[in-house]
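Report on the following structure.
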Ligand SMILES: [Zn+2]
């Protein structure tokens, strides 16, 4: 069944995207945002409801008068898979079209065993999820490393040798015959936070993830700023000490060498090699690969001086870098994600705030809000799902064929 001429495919895609981005929206609000006449929007929405692309999902809070019905993109349009390939751990998440997680699995990436090993393990897990759910129609991938999101290629992964120009999107599309989107994991986390972090109107903010590496996603006026070549946000590789230690990217003195999870582990290792007194000696024994951010944090909580000092110094360095972000971009909010802020909390965040407050312009600080994202370890995979869902929405042809495979409801006109 074709659409009437006045309902162009691009207009449909635009309206669907508006509904998707807002999660719940009334017809009146939708008409206002799309710049369409309310009557036109009403007939458009009628059509979207009939096609099962959109559902009615409750009412807006009463403001006196008649309560407005809220619209939502049909969560059961299709299911999607999100893959998060991290330096330490990877995750496979299966979710509905809106990104609500149904199943999730975490496994160690074992990055040192090389690209082929990692990809074959990812394939194994994805195949397993696909076999259990034939309704999966798209895959979103969040990957560490430097990503060309237009082509879905991992350009390079500073920490990991052998990952250069890996065409992840192409590899996965060929393998599964499904649409695939690949994005930098910090950007994916930021997108998940914007949707599920409990913040409706957040237009100018920076999301900073501190895991084994450090990345950032910059939102300006409600849009993700990707830069001229799509590489914006590589906060971890900005220099904070021109004479500092070499970084895996080839530069020296990068923030990542001072404040990332890898840096924290590395600095504790050095401390132990230099015979610093520390309870971690018992944890490590002869194998310092046993060191993790989590056991360093646990030691610091038990007043281990070495662990406290390393976490505090890392936090101070991050605060210094954040002060530059504040002075450069004047964001309304900085959101911290990733394993380090989540695990270390005040041990890392208090020195970070002190450094930030000491170095950023007071006028920018007055209205700045800094929080740790409440989202857990699945955030990057969920963000990747939101990205692939948005991409599917922009292709109405693909979408209507998905909707036509829905169980048919009785249709009244
Ligand atoms: Zn670097």
Exercise for the section: Kindly indicate whether residue 254 is at pLDDT 95 or above, buried (at least 20 other Cβ atoms within 10 Å of the Cβ), touching a strand residue (DSSP E or B) at 6+ places or on another chain (Cβ under 8 Å) and in the same structural domain as residue 348 (by TED's automatic domain parsing). Expected result: yes
Handout entry: Given (1) surrounded by 19 or more Cβ atoms within 10 Å (Cβ to Cβ); (2) in contact (Cβ under 8 Å) with a residue 40 or more places away in the chain; (3) assigned to a helix (DSSP H, G or I), index of the condition residue 294 fails
Key = (1)
Exercise for the section: Return yes when residue 214 is closer than 17 Å to residue 146 by Cβ, within 16 Å of the chain's Cα centre (by Cα), near the ligand (Cβ under 10 Å from one of its atoms) and crowded, with 22+ Cβ neighbours inside 10 Å and no when it is not. Expected result: yes
Problem - Among the candidates 318, 306, residue that is within 17 Å of residue 239 (Cα to Cα) and assigned to a helix (DSSP H, G or I) - result: 318
Exercise for the section: Might you check whether a residue that is buried (at least 22 other Cβ atoms within 10 Å of the Cβ) and either at pLDDT 95 or above or within 16 Å of the ligand (Cβ to nearest atom) (or both) occurs anywhere in segment 268-284? Expected result: yes
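If you check 152, 145, 162, which single one turns out to be away from the ligand (no atom under 16 Å from the Cβ) and crowded, with 19+ Cβ neighbours inside 10 Å? Walk me through how you get there before you give the answer.
Details: 145 fails: away from the ligand (no atom under 16 Å from the Cβ); 162 fails: crowded, with 19+ Cβ neighbours inside 10 Å.
Residue meeting the stated conditions: 152.
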Handout entry: Test: residue in segment 185-201 that is within 16 Å of the ligand (Cβ to nearest atom) and either modelled with pLDDT under 90 or not in a strand (DSSP E or B) (or both)
Key = yes
Fill in the blank from the handout: The condition from (1) at negative phi; (2) out of contact with any helix residue (DSSP H, G or I) (no Cβ under 8 Å at 6 or more places or on another chain); (3) modelled with pLDDT under 95 that residue 58 misses is numbered (1)
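Can you find, within segment 46-73, the residue that is surrounded by the most Cβ atoms within 10 Å (Cβ to Cβ) among those that are assigned to a loop (DSSP other than H, G, I, E, B) and in contact (Cβ under 8 Å) with a residue 60 or more places away in the chain?
Quick first cut of segment 46-73, residues assigned to a loop (DSSP other than H, G, I, E, B) only: 51-53, 60-68.
Remaining after also requiring in contact (Cβ under 8 Å) with a residue 60 or more places away in the chain: 51-53.
Details: 51: 18, 52: 20, 53: 24.
Per the stated criteria, the residue is 53.
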Practice task
Hey, can you tell me all the residues within segment 332-351 that are more than 24 Å from residue 191 (Cα to Cα) and either buried (at least 19 other Cβ atoms within 10 Å of the Cβ) or outside the structural domain of residue 292 (by TED's automatic domain parsing) (or both)?
Solution key: 347, 348, 351
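Of all residues in segment 95-123, which are within 23 Å of the chain's Cα centre (by Cα) and assigned to a helix (DSSP H, G or I)?
Of the residues in segment 95-123, the ones within 23 Å of the chain's Cα centre (by Cα) are 95-111, 115, 118-119, 121-123.
Within segment 95-123, 111, 115, 118, 119, 121, 122, 123 meet the criteria.
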Exercise for the section: Residues being part of a loop (DSSP other than H, G, I, E, B) and more than 15 Å from the ligand (Cβ to nearest atom): count how many of those fall in segment 217-257. Expected result: 8
Problem - residue 102, sole failed condition from (1) more than 23 Å from residue 375 (Cβ to Cβ); (2) out of contact with any helix residue (DSSP H, G or I) (no Cβ under 7 Å at 6 or more places or on another chain); (3) modelled with pLDDT of 90 or more - result: (1)
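Would you mind stating whether residue 265 is away from the ligand (no atom under 16 Å from the Cβ) and assigned to a helix (DSSP H, G or I)? First the steps, then the outcome.
Values: away from the ligand (no atom under 16 Å from the Cβ): yes; assigned to a helix (DSSP H, G or I): yes.
When the stated conditions are applied, residue 265 passes them.
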Handout entry: Matching residues, segment 345-390, being assigned to a helix (DSSP H, G or I) and under 20 Å from the mean Cα position of the chain (by Cα)
Key = 379, 380, 381, 382, 383, 384, 385, 386, 387, 388, 389, 390
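The values are calculated or read from the model by the stated rules, or taken from the named source; none is laboratory data. All values reported here derive from a predicted model rather than from experimental measurement. Glycine gets a Cβ as well: all are built from the backbone with ideal geometry, and neighbour counts include every protein chain shown.
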